[in-house]
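Written out below as structure tokens is the structure these notes cover.
The values are calculated or read from the model by the stated rules, or taken from the named source; none is laboratory data. As the structure is a computational prediction, the values presented were derived from the model and not from experiment. Cβ sites come from the backbone with ideal geometry, for glycine too, and all protein chains shown count toward neighbours.
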Ligand SMILES: [Zn+2]
Ligand SMILES: [Zn+2]
């Protein structure tokens with residue numbers, strides 16, 4: 001069983017903190033500036049899910065995404081473009097196609113091995129290691145815009 005944890009951004013300095021569940025006594029205290037952030041994981045969250053609300057801001061709107069490091073994703077895309085361009089220049093179309101196909105198979109394999117992370121639309125808290133709830137869909141741009149406005 002994977003460890004359950006909550007990642008959140010400090011109210012005061014906006015830096016990222018993470019605590020495991022059940023929350024230790026120090027949970028909520030920012031490791032960067034020492035600010036005490038309020039944490040209030042619901043009973044469902046403490047029990048391992050399905051997650052009903054955000055443990056940091058009580059928001060009910062959450063979404064799932066793959067727990068994929070952003071930088072890695074960009075690097076993979078860039079590498080694919082560069083490699084396929086080089087292959088095209090050197091060996092023309094079939095080689096370029098082979099690079100693209102190989103890259104998408106690799107992406108697919110990687111994607112399915114990644115775990116899910118549930119994210120709060122409002123405060124961007126991240127919940128890992130939970131049973132995911134069907135109520136929370138994939139990221140929705142319109143919902144996100146409502147919160148940014
Ligand atoms: Zn802080
Ligand atoms: Zn939240």
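Within the range 42-54, how many residues are under 12 Å from residue 129 (Cα atoms) and in a loop (DSSP other than H, G, I, E, B)? Step through it out loud before you land on a result.
As a first pass, look at the range 42-54 and keep what is under 12 Å from residue 129 (Cα atoms): 45-51.
Those still in the list that are in a loop (DSSP other than H, G, I, E, B) too: 47-51.
Selection size over the range 42-54: 5.
Do we find that residue 52 is away from ligand 1 (no atom under 16 Å from the Cβ), in contact (Cβ under 8 Å) with a residue 40 or more places away in the chain and under 21 Å from the mean Cα position of the chain (by Cα) in this structure?
yes
Which of (1) more than 30 Å from residue 14 (Cβ to Cβ); (2) modelled with pLDDT of 80 or more; (3) touching a helix residue (DSSP H, G or I) at 6+ places or on another chain (Cβ under 9 Å) is the odd one out, the single condition residue 122 does not satisfy?
(1)
Hey, could you check the range 57-69 for residues that are part of a loop (DSSP other than H, G, I, E, B) and under 16 Å from the mean Cα position of the chain (by Cα) and say which is nearest to residue 21 (Cα to Cα)?
67
Does residue 114 meet the test of being closer than 19 Å to residue 9 by Cα and touching a strand residue (DSSP E or B) at 6+ places or on another chain (Cβ under 8 Å)?
Values: closer than 19 Å to residue 9 by Cα: no; touching a strand residue (DSSP E or B) at 6+ places or on another chain (Cβ under 8 Å): yes.
When the stated conditions are applied, residue 114 does not pass them.
Scan the range 1-41 for residues that are in a loop (DSSP other than H, G, I, E, B), surrounded by 14 or more Cβ atoms within 10 Å (Cβ to Cβ) and either away from ligand 1 (no atom under 13 Å from the Cβ) or on the phi > 0 side of the Ramachandran plot (or both) and jot them down.
Scanning the range 1-41 gives 4, 21, 23, 27, 28, 39, 41.
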